[in-house]
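Nothing in this text is a laboratory measurement; each read-out follows from the coordinates by a stated rule. Here the structure is a predicted model, which means the values were calculated and not measured. Cβ coordinates were reconstructed from backbone atoms using ideal geometry, including for glycine residues, and neighbour counts include every protein chain displayed.
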Protein chains: 6
Amino acid sequence: MDLRDATWTDVRDCETELAVVPVGSTEQHGPHAPLGTDVVAAEAVADAGVEHVDREVVRAPAIPVGIAEEHRQFPGTMWVSEDTFRDYVREAVESLAHHGFDRVVIVNGHGGNVDALREVGGRITRGGDAYAVPFTWFEAVGEHSAEMGHGGPLETALLRHCAPDLVREERIEDARDGHAEGWGDWLSYTNLAYDSAEFTENGVVGDPEDGDRQCGEELLELAGDALARLLEAVAERDVSRPERRE
Amino acid sequence: MDLRDATWTDVRDCETELAVVPVGSTEQHGPHAPLGTDVVAAEAVADAGVEHVDREVVRAPAIPVGIAEEHRQFPGTMWVSEDTFRDYVREAVESLAHHGFDRVVIVNGHGGNVDALREVGGRITRGGDAYAVPFTWFEAVGEHSAEMGHGGPLETALLRHCAPDLVREERIEDARDGHAEGWGDWLSYTNLAYDSAEFTENGVVGDPEDGDRQCGEELLELAGDALARLLEAVAERDVSRPERRE
Amino acid sequence: MDLRDATWTDVRDCETELAVVPVGSTEQHGPHAPLGTDVVAAEAVADAGVEHVDREVVRAPAIPVGIAEEHRQFPGTMWVSEDTFRDYVREAVESLAHHGFDRVVIVNGHGGNVDALREVGGRITRGGDAYAVPFTWFEAVGEHSAEMGHGGPLETALLRHCAPDLVREERIEDARDGHAEGWGDWLSYTNLAYDSAEFTENGVVGDPEDGDRQCGEELLELAGDALARLLEAVAERDVSRPERRE
Amino acid sequence: MDLRDATWTDVRDCETELAVVPVGSTEQHGPHAPLGTDVVAAEAVADAGVEHVDREVVRAPAIPVGIAEEHRQFPGTMWVSEDTFRDYVREAVESLAHHGFDRVVIVNGHGGNVDALREVGGRITRGGDAYAVPFTWFEAVGEHSAEMGHGGPLETALLRHCAPDLVREERIEDARDGHAEGWGDWLSYTNLAYDSAEFTENGVVGDPEDGDRQCGEELLELAGDALARLLEAVAERDVSRPERRE
Amino acid sequence: MDLRDATWTDVRDCETELAVVPVGSTEQHGPHAPLGTDVVAAEAVADAGVEHVDREVVRAPAIPVGIAEEHRQFPGTMWVSEDTFRDYVREAVESLAHHGFDRVVIVNGHGGNVDALREVGGRITRGGDAYAVPFTWFEAVGEHSAEMGHGGPLETALLRHCAPDLVREERIEDARDGHAEGWGDWLSYTNLAYDSAEFTENGVVGDPEDGDRQCGEELLELAGDALARLLEAVAERDVSRPERRE
Amino acid sequence: MDLRDATWTDVRDCETELAVVPVGSTEQHGPHAPLGTDVVAAEAVADAGVEHVDREVVRAPAIPVGIAEEHRQFPGTMWVSEDTFRDYVREAVESLAHHGFDRVVIVNGHGGNVDALREVGGRITRGGDAYAVPFTWFEAVGEHSAEMGHGGPLETALLRHCAPDLVREERIEDARDGHAEGWGDWLSYTNLAYDSAEFTENGVVGDPEDGDRQCGEELLELAGDALARLLEAVAERDVSRPERRE
């Protein structure tokens, strides 16, 4: 049940504890992919997961602005601070729990949100009013995950499948010209870079040509399946906190 | 230019200082109207305003969860605290200003956000990095404003025009049955109620039948025009702070 | 019972749940009226209300500094941030509730405090330890409310009645010379100004000559009566929060 | 110049950098002395200091609620948290500095505020916009300071001089009966008590009979003189921060 | 039982409610004494106290950075803000209380931490999950306390006993040359200085030559004894909060 | 130069911009390894790195309490909240930067601190007063990193080399009996567990017998070398923030 479209009486009549909250980011994704890429992806995967699972699931609207200061040198990138992002997501989830939707998967489309969402999930869960875990789609596509990048093969493929009009195919060549091979600037197992502009000319990491529409379809299938299995597990899990070790 | 769809190179090439940020709420709107009503309205009015003005305007994605704890007795209502909402909106606006979009109108669809957005606008403006004012669409429709309510004639009319599929016409009778005449529980010029459930049975204030599709079209026209005039004024205004009185 | 003058043993022996907390501001009120105008008003109205009601009411000391950054271009204006003001008032009220004075009317003398006090009242009330509502005197004087302004007819009249020595009658002509007709700088139903110096030369809004001493007496009577009725209602109201709608 | 009574034009014409901010508390002072004792004292001493010094000094309204949770077992005691108190005082002082009154003495009437005010003064001073120091009257009355107590000889004496009507002489016997000899419950140089009710039956520390009206007059004279000397020093002091030691 | 060295199974088997938390500072102590002086002292005294008392006591690791901005003109001085220090100490203590070590003495080695630790102890104790009091060693050495200073006789003596290699005896003459006689710059019972560099040339207060190794041994004995008595009292004390006075 | 042992005059004479800040945790490490394991490791690696690099490096004292609530079911585990930890580390690092030590490596011994330290490094670096990166030793030991666990082969090996007395060899069998194979409880690429007690009986992950003293020596060598290379890179890096992409 999509909360944007449902009425409160619909929600009242919906018997479930499960909810998904898509979380994205509005940030540069190279010259060929839209700023809204991570929102599109989070929504698409959330919907696919809900569709694949045989349970009622409440679906919240996508949170569109995340932790993306690392892309601030690229025009149009929006962001909020880590503290504010954590508070906004946590309180939004807690408001769902108030209505009994207290087993929540936060479906994430942006790498910069990962750490913060894990912290949020922990705080919600330890607080005791709800159980919440983050799920980041591109970590859940099997071996493909290794090719993630940024505006690279995976995201471009997913867009080609879900929102093809938003991919500027005529700029793919430009995108390839300035792309970086990997995320960050590493030395001694440490990323020395804090801003993506330190290691990519045009904001792209990975070759966007490598991910075609069919690949995008497969990615969505893989991520949707993984999410469906996760929802099933979250619904069944004993989420009480362990006893003190004596 | 819609930031969700644009690439960073598109944004780079866009010469303007003007931006609009739609802000809504995901909250009960009676048995006949969707929880996402305020988001739909904020987006529609923002788009209408941008269309009516003869200047380039950057359009941010809508912020979907606002200050709506007052509706928490109605299932599905989402909310964040006032503090978190203010921080989220302010920082999102400041990230736009970072790119030079530093004259911002926050287009609001929800009464519960009004005070907070005024505070946010003041803090941004006094901080000096940007000028921002909130614009609440239902305050900007001339004499219609008096009929506002909640899920009442104005919002239902606007939905009938912008998103007719989301209005449950078959439940209009139910909506009328439990509606309140006015917002709040007043005595001595003071609203004694803090929760809408203190004065409305089904979450509706005002008669939703009173607002037909044509009315909705007119409302959007009125609000869009008002917003366009505001954008024009914001673009031209001397926004420097006054000198100290000597 | 005035808490400033009472001993703790007096308070112990006082059987009531009702309290009033006057809240003002120390800020410019034109060349003719003192910076303390809003404190004087809040105290006078609080006392009038307590006098008019046939119940025991505890009266806290007036909080003298409020949200007045909008007047900072005028020398002598003091202010704190919105966050700090909310915390200070809320915690002060909660300390009263600790002693059983848990039905509280916050008697306000300053327009800039209105939104914040409503938020404070909501948070206190939803928190469950007390019920609190703000009452702003100049909203509670019937048709006079329309003439409010700033340092204008209403406030000057009230001062002429309550604290005539503080009105500089010899500067009334100056006050009229630089006064604005209305509060703010409006366009498209939006106030474009954040600082009063954007629309008033000398800090005055409305004509201070229009409010004589007799008018002040009437205003105090009206506001005191309204407050007394409010206190009565607050004492009797069922302040439990509504049930969840099922 | 008393800011409550002055107009902004008066303040504009006042040429000084010096300001005093009285800070009190509304808290139990035994069965014989009013809850407002610390406010009365802070105001009286501030006024005496301003009178004794041969410079123009701006005088802010007294802040009436301080850090007094330690007295919460005694009805009527009001308090705010340490954090909120620090913010409120600091921001109020900073608003004075905004107008050029950037050498400030915070005149304190309450022991519970001492540590917080020192911290506030440090933060203001290191921030660089103003210089502020707290002055606690009962630490500045020579050998009398040793007899301080609470609602004891010093405070009762001062009240007998400044506000005799507020001393319940008929309850002095009661006050003596339940008073403690010293503040706190000490062992190994450590105060084990956090609440005054842990060591005083009726809230009194020290014998209130010991301080007569003449003593009160002397105390006010001593404190006023000390404050005047302090104001002189604050006006003349080089308040720039020291250089880094090289 | 030293928590650094113990395993969780050791802690599980330890039956006590008592804990000590040493708190120091890393800050200048003159040209002759190490920046870690306050940590060394806090640890030594904590260990001595634990040794002298006939009860099991859990000993936390020392917190090494405190409130020391006042020494920031001297290279190498580290500090955190008062807010952060309070939070860090409070939460660390609360984590001990989570395991049942809910009677805690915070053993402090630094004057700048005193006020903050008292506030922390109050908040923990009133919160109800634990009882905590700060103990500052140099306030607990009888008449010696009067000679405290900074890097002066007491601290130098203690170091000569506990960590003689850390005292640069060859620079004692330098230390004496630039030392101040007293802490602060006082006028009218008010310390006008906020930074130690305002009153001491080389960071030293008091004559470091005055405290020899034997004196250090005595100081440790005195402080350790005092702490042991305090631990005994803390273990036995009724720490329930007093009843409301009726 | 170790700040605990150095005097401020030593620090003044030290010409470098480089600093290391060891950060650990006091938390369960199974029945055989001490709660202080992560502090021991962070200190040992920091010292090894400083030794291996041919530059002057300032070494701060180790921060002993970190983000370890996930181990709270095991007695003796200490922790602070993520917010407090971030503030404490950030402000401590900023105090070093105040003295010119503005290229900082935070040497971390605890997995639970990793995300927070990355955030802290980003905030410090973007703030512009310093450049800081975290370095987590067990991520920097080549292929060994894969065997990390908790109280498992790597940590036990390092302890056997650095602090052999702290390893309870007689309990290794117990440690093996209850250990988990991997960290967390994973499904669909998501860790469903928030507390280590959800997946390990005795707090151990990985087989502690697998890491002997020689392995520990090698680990320290590897980590020390990696840290030395990192320090070299940090000293030489252009840490200015990138230009806005035009």
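What share of the DSSP beta bridges in chain B is antiparallel, in percent to the nearest 5? Walk me through the intermediate numbers first.
Details: 4 of 21 bridges.
If we restrict to bridges inside chain B, about 20 percent are antiparallel.
With label points set 7 Å from Cα along Cα→Cβ, the inter-copy distances at B:Arg213 are 3.3, 6.7, 8.7, 8.7, 9.9 nm, sorted shortest first. Distance from the axis that maps chain F onto chain D is least for the Cβ of the chain F residue given, with the whole Å value, as F:Asp83, 8.
Extending 7 Å from Cα along the Cβ direction at F:Glu51 and again at D:Glu217 yields two label points whose distance is 7.8 nm. Taking F:Leu35, F:Leu187, F:Leu18 in turn, the Gaussian network model of chain F (Cα-Cα springs below 10 Å) assigns the largest fluctuation to F:Leu187.
Can you find, among F:Ala235, F:Thr156, F:Thr9, the residue farthest towards the positive end of the dipole of region F:8-236? Put +1 on the C-beta of Lys and Arg, -1 on that of Asp and Glu. Of the candidates, F:Thr9 comes out farthest on the positive side. A Cα-only calculation for region A:89-246 places Rg and Dmax at 18.6, 65 Å.
Distances between equivalent label points of C:Arg244 across the copies, with each point positioned 7 Å along Cα→Cβ, amount to 3.1, 3.1, 4.9, 5.6, 5.9 nm, shortest listed first.
Peptide A:137-144 is shielded by partner chain Cβ atoms: per residue, an average of 1 of them sit within 10 Å of its Cβ. Each of B:Ser145, C:Ser196 was scored by other Cβ atoms within 10 Å of its Cβ. Listed from fewest to most, they are B:Ser145, C:Ser196. Of the beta bridges in the protein assembly as shown, as assigned by DSSP with both residues counted there, near 20 percent are antiparallel. When the charge dipole of chain F is built from unit charges on Cβ atoms (+1 for Lys and Arg, -1 for Asp and Glu) and taken about the Cα centre, the candidate among F:Val50, F:Ala193, F:Ala130 whose Cα reaches farthest toward its positive end is F:Ala130.
Our helix-only sum for the protein assembly as shown, with -39,500 (n - 2.57) per DSSP H run of n ≥ 4 divided by its residues, gives a mean residue ellipticity at 222 nm of -12000 deg cm²/dmol.
The other copies place their E:Trp186 label points at 1.7, 6.2, 6.2, 6.3, 6.5 nm from this one, listed shortest first, where each point is 7 Å from Cα along Cα→Cβ.
Charge tally for C:His161 (other residues, Cβ to Cβ under 10 Å; Lys, Arg +1; Asp, Glu -1): -2. With a 10 Å cut-off around each Cβ of D:194-201, the average count of Cβ atoms from other chains is 4. Using the Cβ of E:Glu143 as centre and a radius below 14 Å, the other residues enclosed give a net charge of -4, where K and R count +1 and D and E count -1.
Can you tell me the dipole magnitude for region C:114-246 around its Cα centre, using point charges on the Cβ only (Lys, Arg +1; Asp, Glu -1), in Debye to the nearest 20?
On the way: 13 positive and 31 negative charges, 193 e Å.
Using only the charged Cβ atoms, the result is roughly 920 debye.
Note on the protein assembly as shown: with charges restricted to the Cβ of Lys and Arg (+1) and Asp and Glu (-1), its dipole about the Cα centre is near 0 debye. Projected onto its three principal axes, the C-alpha set of region F:172-246 covers 56, 37, 16 Å, listed from the longest axis down.
The protection proxy used here, the mean number of other Cβ atoms lying within 10 Å of each residue, ranks peptides F:60-68, C:226-234 as follows, highest first: F:60-68, C:226-234. Distance between the pseudo-spin-label points of C:Ala146 and C:Arg244 (7 Å out from Cα toward the beta carbon): 4.7 nm. The HN-Hα couplings worked out from phi for region C:148-159 by the Karplus form 6.51 cos²θ - 1.76 cosθ + 1.60 (θ = phi - 60°) are 3, x, 8, x, x, x, 5, 5, 5, 4, 4, 4 Hz, whole numbers, x standing for Gly and Pro. Placing a label point 7 Å from the Cα of B:Glu201 along the Cα-to-Cβ line, the residues of region B:149-178 whose backbone N sits under 20 Å from it are B:149-153, B:168-178.
With the Cα gyration tensor of the protein assembly as shown giving a ≥ b ≥ c as the square roots of its eigenvalues, does the rule (a/c under 1.5 for rounded; else a/b larger than b/c for prolate; else oblate) give rounded, prolate or oblate?
Oblate is the answer for the protein assembly as shown, as a/c is 1.5 or above yet b/c matches or exceeds a/b.
For chain C, a simple Cβ point-charge model (Lys and Arg +1, Asp and Glu -1, everything else neutral) yields a dipole of about 840 debye relative to the Cα centre.
Peptide F:58-64 shows a mean partner chain C-beta count of 5 within 10 Å per residue C-beta.
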